[in-house]
């Protein structure tokens, strides 16, 4: 009995100390809560570089896929938790802009930023960082075993030979998925675009939650072809996966990753410093390690396994249209493809 | 005569019945019961209410009646999920309960060797997040699966995978209930059957089966509820086969549609609620079956039966071990399936989604705090509800609140927590995004079972302890600390253990309310799998499993070593 | 008990009623209990005896009416403010505490000095005859020993009132008989006012100064064991306490009735009209069989039915020749041996008029 209470007490003391430790790390004054859809393996160097340049400011990342981060921001709109949104699809930032959640701010060095890659207002509510574009990951071991030709275009993917071989991200949750659907609808037109997806749907084995997953699944041979994006394709191949990377010849769907400050932030000074940093050459050099096109023109990219000039392959992308129609597109997509249940093998 | 009896009630109504003056103990206990009631209102009832009202609102918060429900049923894809959920849950339930019944029969009614080991193996699934079996099934039966041929060309992604994963995950839950039901059967009935020369088959159908009937029905409902509200398995292996639980997740996190999430949540409340009511009724009847004079049944060796049961149970146990083993294997392979050299590469969680190793330590802290505070609140609460004199209506209401979480799926509770606690008008808003809300939510999520465990333990001790201490003018809290708590120590540790393990493995409620600095291990499994980092997901699931298993082992040592010594008085 | 009559009751119960919804568990009970008295509440289950005890202890307060203990109105006081010790059928010993700690439980809380506690515990354990068991746990003692510990614990704070709730029901017959004597002895030594609830008439008859027989929430009779047994006030009491023949008949005069063709005289005058339907009550052991002569009242020639050997006596059924009267009788082994009574024999018996009790029919309507 006595033993029991004392050990319980000791236990309580330990846990309370632990709890206090947790609290104390979350109430430090210069903490900046940053919502991001950047990849988990990208954010470390960004954080390190920024904090080195701005001592005293500590970035707390909230990382998730584009759909979730957007959902979270909208859900919390009455009482936002985020100070800054960084590395989120421009279409999502435009949605937040429409909701009036963003603070107009012109970061230092805004004039150097590519005019196409920012909110056109003098004090923009969001500023682009880089462009990410769709790419296929094709598992060469599996395609060899199954004797599959390598697809070269979006159109190729609808060929019956690929039935059950393709994984693609669900546009509702994945920004990579959404930019593909948006690209098809813009390239082929509304009706033709859906017709294309109807055909493609017959070959799709799985719609994934994340934009990276199809490429990783292709790398593991779970599916032969993963529709993903160039950063993940490059990185996965670098990691030793037996894949080849295909950039479809009709043109690449793409979106911008951008940064914006929440109007409601209590850390606006720190937030502005992050926005400033995001537009520096230093930051852009870091982006360039991951992406072919960055906001500051003329910074060389270093993507080992991506061939060709991505800039020329990007489709003409109407972000305003995409943001405007996001709900409608997703509803239509969900109606057509979400409900069709069992994968047909 | 008639007039007199008619007048009587009037006469008594005129005189108010005497009211006992309240002593110190009464005031304290009543105050504590009310405090507990308020706590449960805030942590269970109001979040549910927030969810309910959200389902009748438009995105801007205006009341739109049933429009959300209309929209839901107008979308064939979503409405289809109901049917999917129902039939997959039914199928999983039937398979799981059948297997569990056979296994339980082997454990309780035969003399097959290794029953102790079989018991331990059967508990493995409880120690792992439900995502683990799903991940293992991908490695076993996926397109690169080790034994893909066993499915004869069918795909594991979809109902087959969901059913297999759910059967694995719910197996121990069904087993516990059925084992209990079989264990309390009365040996005298078997003696009677034997004396009447009933054939074994007839004995089975006339004695064994009816005796376990309520246990089976109870198991059916518990498993059905678990499956229809589980989110981990269909998330990982459901492919394009949508069920209600994944719909909520998609509606809320994928499509930002909280209203629709609330609608799906309410729909999910229905089967869980029905199951809850039926289960309560069944348990009451099961208790009635237990007569004080029952003689426990002791099985006799029978070579044929023992050997057959050993074979079947070995098969089931083997399946459980394989599923666990595959995750372990996958987590230490360098690059599945092309490079199988062992390495710890997949344990480098910090370079992956999900929050890295920090998630794991967060989980430890969260589970520890949940076990500590949860056990304290729940056991003290059960004591107050059971032992506070009179005060019937309040106690009844608090008891209802304590059982309510049993009918609330974790996803629904988590969603309710967002709606309720993330409302800036709520003075409790400050706990949103903290470790505290995870702990509170997890305590609420697992409140009912712990509460029932505590109540059962309290009912088993002498009901007159409180009277005796009151007559000796000893305050109730002294008797609580000196007698009730020590006597109920096994149950208290049981509750702490239950809360800890569930807090380590749960995904469903907390997935909506974790914050960047409070990511959890089980959620990291989900997020890593989502991002395609399947092997690291398996690795994290194994780390969670190992932690739960070690805790469990410590608990067993504690109960057998220290507790045995501290509870000397139990010996005669 | 002291023969000097005490005029001031220690416990005074007035107009006590308890209702559970529409059900009346206690119906306007009036009862006085004298200081140092041992009173048993006797009755079948559901008669209200436990409810009455719970009202006195404050566990379940009455709907109406008052209770005074030692001049203090305790009607609505909480349990802890009352002054009693209680012993339950289940012993309710704290299983995780030693015998010593169990007995000291109330003393420790009352802030009694350590040495004083030790002394008192020793004293109490000696009082109940368990001085050697102080360091054992309850489970290591027998049932009877545990109940004595419970008694010691209840006495620790020297309460003014001892409540015993079916204290012996869980024990086997032999232990029960011994403990009866011990409890009674202890109570008399301490001169402690004691109330015991029991459904066992033998227990009530052997231990009590007075017995309160209850039925349907009412008091049927209050009296000494002798009065209750020998002069039951109602047919219910007659039926409940001891074995009884109920013989239905009709009054001929106020002191004579015809019962199934047999004429029976009784010494008590029955104030009912001639021809009134009555029940004549006769205890089987009151059937006289020795020294029956011409002068014996209510002499009957009877045929002996099947003889049942009960252990210390024979029970049998007698049929009075020439009448429709059958009744049971108990004969001592001596009498059977001496008189050679056997099944089928015809013998002479007498029903002593003093021993016959007569009630108006129907039985349940007596008050």
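Please treat every number below as a calculation from the coordinates, not as lab data. Note that the structure is predicted; figures quoted are calculated from it, not measured. Every residue, glycine as well, gets a Cβ built from its backbone with ideal geometry; the counts of neighbours run over all protein chains shown.
Which ordering of B:476, B:361, C:23, A:136 is given by a fewest-first count of other beta-carbon atoms within 10 Å?
Listing B:476, B:361, C:23, A:136 from fewest to most nearby Cβ atoms yields C:23, B:361, B:476, A:136.
Efficiency by 1/(1 + (r/R0)^6): what FRET value for residue C:231 and residue B:204, r their Cβ-Cβ distance, R0 = 56 Å, to the nearest 0.05?
So, using R0 = 56 Å, E works out to roughly 0.35.
Which percent of Cα-Cα pairs in the stretch B:135-219 sits in each 10 Å bin, short to long?
Per 10 Å bin, starting at 0, the Cα pair percentages come out as 16, 29, 19, 21, 14, 2.
Starting from the Cα-Cα distance between residue A:146 and residue A:198, subtract it from 0.36 nm times their residue separation and give me the gain in nm to one decimal.
Extra length available between residue A:146 and residue A:198 comes to 16.3 nm.
Going by how many other beta carbons lie within 10 Å of each one, how would you line up B:84, B:445, C:313, fewest first?
So the ranking, lowest neighbour count to highest, is C:313, B:84, B:445.
Partner chain Cβ atoms within 10 Å, averaged over the residues of C:90-100 - can you pull that number for me?
If you average over the peptide's residues, the count of other-chain Cβ atoms is 6.
Could you work out Rg/(2.2 N^0.38 Å) for chain A, with Rg from alpha carbons only?
Computed over Cα atoms of chain A, the ratio equals 1.09.
Report the relative contact order of chain A, percent, no decimals, based on alpha-carbon pairs under 8 angstrom and at least 6 residues apart.
24 percent
I want to check the label-to-label distance for residue C:188 and residue C:72. Put each point 7 Å from Cα in the C-beta direction and report it in nm to one decimal.
Going from the residue C:188 label point to the residue C:72 one covers 3.0 nm.
With a cut-off of 14 Å, note down the residues of the stretch A:104-124 whose backbone N falls inside the zone around a label point 7 Å from the Cα of residue A:263 toward its beta carbon.
Hits in the stretch A:104-124 for residue A:263 at 14 Å: A:104-105.
Roughly how many nanometres apart are two label points built 7 Å out from the Cα toward the Cβ at residue B:49 and residue A:53?
Modelled inter-label distance: 5.0 nm.
Rounded to the nearest 5, what % of DSSP beta bridges with both residues in the stretch C:11-239 are antiparallel?
About 50 percent, rounded to the nearest 5.
Using a 10 Å cut-off around each Cβ of peptide B:511-522, what is the average number of partner chain Cβ atoms that fall inside?
Neighbouring Cβ atoms belonging to other protein chains average 3 per residue here.
Looking only at the stretch A:129-245, where both bridge partners belong to it, what percent of the DSSP beta bridges are antiparallel (to the nearest 5)?
Bridges in the stretch A:129-245 that DSSP calls antiparallel: roughly 55 percent.
Could you tell me the convex hull volume per residue, in Å³, taken over the Cα atoms of the protein assembly as shown?
229 Å³
Is the C-alpha gyration tensor of chain B telling us rounded, prolate or oblate? Criteria: a/c under 1.5 is rounded; beyond that, a/b larger than b/c is prolate, otherwise oblate.
oblate
Applying 1/(1 + (r/R0)^6) with R0 = 56 Å to the Cβ-Cβ distance of residue B:63 and residue A:282, what FRET efficiency is obtained, to the nearest 0.05?
After rounding to 0.05, the efficiency reads 0.60.
Report the FRET efficiency, 1/(1 + (r/R0)^6), for residue B:196 and residue B:281, where r is their Cβ-Cβ distance and R0 is 35 Å, rounded to 0.05.
After rounding, the FRET efficiency stands at 0.65.
Which order do the peptides B:479-486, B:517-524, C:271-278 come out in when sorted by mean C-beta neighbours inside 10 angstrom, highest first?
Taking the mean over residues of other Cβ atoms within 10 Å, the ranking is B:517-524, B:479-486, C:271-278.
Helix C:114-127 sits at what angle to the longest principal axis of chain C, using alpha carbons and giving 0 to 90 degrees rounded to 10?
Tilt of helix C:114-127: around 20 degrees.
Taking every DSSP beta bridge that has both residues in the protein assembly as shown, what percent is antiparallel when rounded to the nearest 5?
Counting DSSP beta bridges with both partners in the protein assembly as shown, the antiparallel share is about 70 percent.
For a test of the definition: using alpha carbon positions, the gyration tensor, and the 1.5 limit on a/c, classify the stretch B:91-157 as rounded, prolate or oblate.
prolate
Does the stretch C:243-365 classify as rounded, prolate or oblate by the C-alpha gyration tensor (a ≥ b ≥ c root eigenvalues; a/c under 1.5 gives rounded; else a/b over b/c gives prolate, otherwise oblate)?
Prolate is the answer for the stretch C:243-365, as a/c is 1.5 or above and a/b outweighs b/c.
Output the relative contact order of chain C, whole-number percent, from Cα pairs under 8 angstrom with separation of 6+ residues.
About 15 percent, as a whole number.
Quick one: order C:180, B:202 by neighbouring beta-carbon count within 10 Å, fewest to most.
Fewest-to-most Cβ neighbours within 10 Å comes out as B:202, C:180.
To the nearest 10 degrees, how steep is helix C:143-155 against the longest Cα principal axis of chain C, on a 0 to 90 scale?
Helix C:143-155 and the main axis of chain C meet at about 60 degrees.
If you stretched the chain out fully between residue C:30 and residue C:255, how much longer would it get, using 0.36 nm times the residue separation minus the C-alpha to C-alpha distance?
77.7 nm
In percent, what relative contact order does chain B have, based on Cα pairs under 8 Å that are 6 or more apart in sequence?
Relative contact order comes out at 22 percent.
Within 10 Å of each Cβ of B:528-540, how many other protein chain Cβ atoms are there on average?
Mean shielding by partner chains, rounded to a whole number: 5.
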